[in-house]
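These notes are about the structure you will find just below.
The numbers here are math on the coordinates, done by the rules we state, and not lab data. Remember, it's a predicted structure, so these values are computed and weren't measured experimentally. Cβ placement follows ideal geometry from the backbone for every residue including glycine, while neighbour counts extend to all protein chains displayed.
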């Protein structure tokens, strides 16, 4: 293959892997160097809280691409390698003691778990789940434990709770909200998930304020102190969100969004420095259609932005205007969610929340801003099209199962 030009991808996650594949699919014949700071092949994160954590699926099932893809497509992998500097003037990346020139650069450095800076936070047995190494340590801990307390009832906390119950552990979820997932779906739909977890034996400690972690004499966590009492546990998992890893971008002088704290990119995913792009958790897309900077920490965004970034690095000029999408599996409940994180004024439900077979619509005025299908399948593309259209919809038609979704 031609040794020039050179495209460098910083970040060994799904977005970076998809960008590399997209470049080769677009018949780019130059050099591709993919640099990741973790010592394994690029991987997807959703399985880390589900099948792989439980031991139901092999570790390799998380791989973003087959292991032989990189060699067969002449993609140079530098795993376990830290990028220490991006020199935008010299067009050079410093990594692993080497100065690597680039013609185009993609920053896909992802996110890092937010930590709780509370008393006892450094005790052994407190886990965060972001990386494959995190998962491996948590999986091992769960195998030798009987109880787990989870701080945070968001998607990660809820999925880990479901997996831990399926492994037979006693599980307690602790959160400041009244219901799981309330910040995302609101209290009405949050009650569906509260009932789901209670039916599977999870103890919900809601409206709770965590004050610190309780340790034993040997320095291991044995519980969590809340304002109302103590929750005992062998293992603690903290899932309170993530923060974008923008340190490299900031030191390189790339513009950072004041609202999302991600790397500001236009709809082509190009940063404030020409020829440098960003994708995945770290990218904050300026979206004139909805009037906000949009940064999304979900699998589908890493996948599709990585692909779009690869094409745009080659000059495709493709506008990334996708409706965000993600999925979750908890026990026998499967769901797909799509939409924008903007304020809503009401929720309309089609179907039966009691049987957990329904579609929920979040509306602002007469416009659907988000939707979620729960144990109802083959409808999400239609829901995304409805949200993207921005058209006015009558509540009664949304709620009526006899009205075809395609007609809305």
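Which whole number of Å³ per residue matches the convex hull of the alpha-carbon atoms in region 332-407? Spread over its residues, the Cα hull of region 332-407 gives 88 Å³ apiece.
Annotation: region 250-330 has a Kirkwood hydrodynamic radius of 12.7 angstrom, from the mean reciprocal C-alpha pair distance. The Cα center of region 140-162 and the Cα center of region 1-72 differ in position by 28 Å. The mean sequence separation of alpha-carbon pairs under 8 Å and at least six residues apart, normalised by the residue count of region 304-408, gives a relative contact order of 21 percent. Taking the DSSP beta bridges with both ends in the chain, the antiparallel portion is around 60 percent.
Which of 19, 162, 319 ends up with the largest GNM mean-square fluctuation for the chain, with Cα atoms connected below 10 Å? Of 19, 162, 319, the most mobile in the Gaussian network model is 319.
Note that region 115-238 carries a Kirkwood radius of 14.4 Å, evaluated over its alpha carbons pair by pair. Size estimate for region 5-69 follows the Kirkwood approach: the inverse of mean 1/r over distinct Cα pairs works out to 12.7 Å.
Taking the chain as a Gaussian network of alpha-carbon nodes connected by springs under 10 Å, the highest mean-square fluctuation of the residues 266, 63, 122 belongs to 122. Once you divide the Cα radius of gyration of region 258-395 by 2.2 N^0.38 Å, the number left is 1.13.
Taking 46, 341, 180 as the candidate residues, the one with maximal mean-square fluctuation in a Gaussian network model of the chain, Cα springs under 10 Å, is 341. Shown for the chain is the translational diffusion coefficient from the Stokes-Einstein equation, using the Kirkwood radius over Cα pairs, a temperature of 37 °C and a viscosity of 0.692 mPa s: 146 µm²/s.
Take the Cβ atoms of residue 400 and residue 176, set R0 to 35 Å, and the FRET efficiency comes out at 0.45.
By the compact-protein rule of thumb, 2.2 N^0.38 Å, the alpha-carbon radius of gyration of region 35-127 corresponds to a ratio of 1.40. Taking every alpha-carbon pair under 8 Å whose residues sit at least 6 apart, the chain reaches a relative contact order of 14 percent. Every helix of 4 or more DSSP H residues in the chain counts as -39500 (n - 2.57), and over all residues that averages to -7000 deg cm²/dmol at 222 nm.
P(r) tail for region 98-160, what percent of Cα pairs lie past 15 Å?
On the way: 1283 of 1953 pairs.
Above the 15 Å cut-off, region 98-160 has 66 percent of its Cα pairs.
When both bridge partners sit in region 115-238, DSSP labels roughly 35% of those beta bridges antiparallel.
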